[in-house]
Each structure stands twice: as structure tokens, then as C-alpha cells.
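Structure first, then comments.
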Amino acid sequence: MPPGGEGPTPEQRRLAEETKNERYVWWFLAYFLFGIHIVAFVMIYAVTHAK
């Protein structure tokens with residue numbers, strides 16, 4: 001808490017929440033793209049090894 005006993009302003013709280021949400025979006029995107037690649041490699045493996 002800043003000196004003076006008052007907490008962060010609503011604008012500061014909103015900005016902090018937005019930053020946190022943006023970080024979650026980037027993590028979700030990273031995991032999603034990683035997962036898509038795993039699925040693609042498994043499908044390529046399945047097609048190339050089919051009898």
C-alpha cells in the first residue's frame with residue numbers, strides 16, 4: 001500500500017487485471033499451438049506408418 005493508507009486506484013487495479021489476463025491469453029495460445037503440433041505429428045506418424 002502506498003504511504004497515506006490508500007490502496008491502488010480503480011484505474012491501477014483495472015490495468016493490473018488486464019495485464020494478468022493478457023498473460024493468461026499468451027499462455028493459452030502457447031499451449032494451444034503446442035498441442036496442435038503434437039496432434040499434427042501424431043497424424044503424420046499414423047499416415048506414414050499405415051499398412
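Relative to the dominant Cα principal axis of the chain, helix 10-48 is inclined by about 10°.
Taking every DSSP helix (H) stretch of at least 4 residues in the chain, weighting each as -39,500 (n - 2.57) and dividing the sum by the residue count yields a mean residue ellipticity at 222 nm of -28000 deg cm²/dmol.
The apolar share of the surface of the chain, taken as the fraction of accessible area on carbon and sulfur atoms (1.4 Å probe, ligands and nucleic acids excluded), comes to 72 percent. What does the C-alpha gyration tensor say about the overall shape of the chain? Classify as rounded when a/c is under 1.5, otherwise prolate if a/b is larger than b/c, or oblate. Cα axes put the chain in the prolate bin.
Accessible area per residue for the chain is 100 Å², calculated with a 1.4 Å probe on protein heavy atoms, without ligands, DNA or RNA.
Charge dipole of the chain (Cα centre as origin; +1 on each Lys and Arg Cβ, -1 on each Asp and Glu Cβ, all else neutral): 360 debye, rounded to the nearest 20.
The values are calculated or read from the model by the stated rules, or taken from the named source; none is laboratory data. Please read these numbers as outputs of a predicted model, since none were measured by experiment. A quick note on method: Cβ atoms are made from the backbone with ideal geometry, for glycine too, and the neighbour counts reach across all protein chains shown. Note: areas computed on protein heavy atoms with side chains; ligands, DNA, RNA excluded. Shrake-Rupley method; radii C 1.70, N 1.55, O 1.52, S 1.80 Å.
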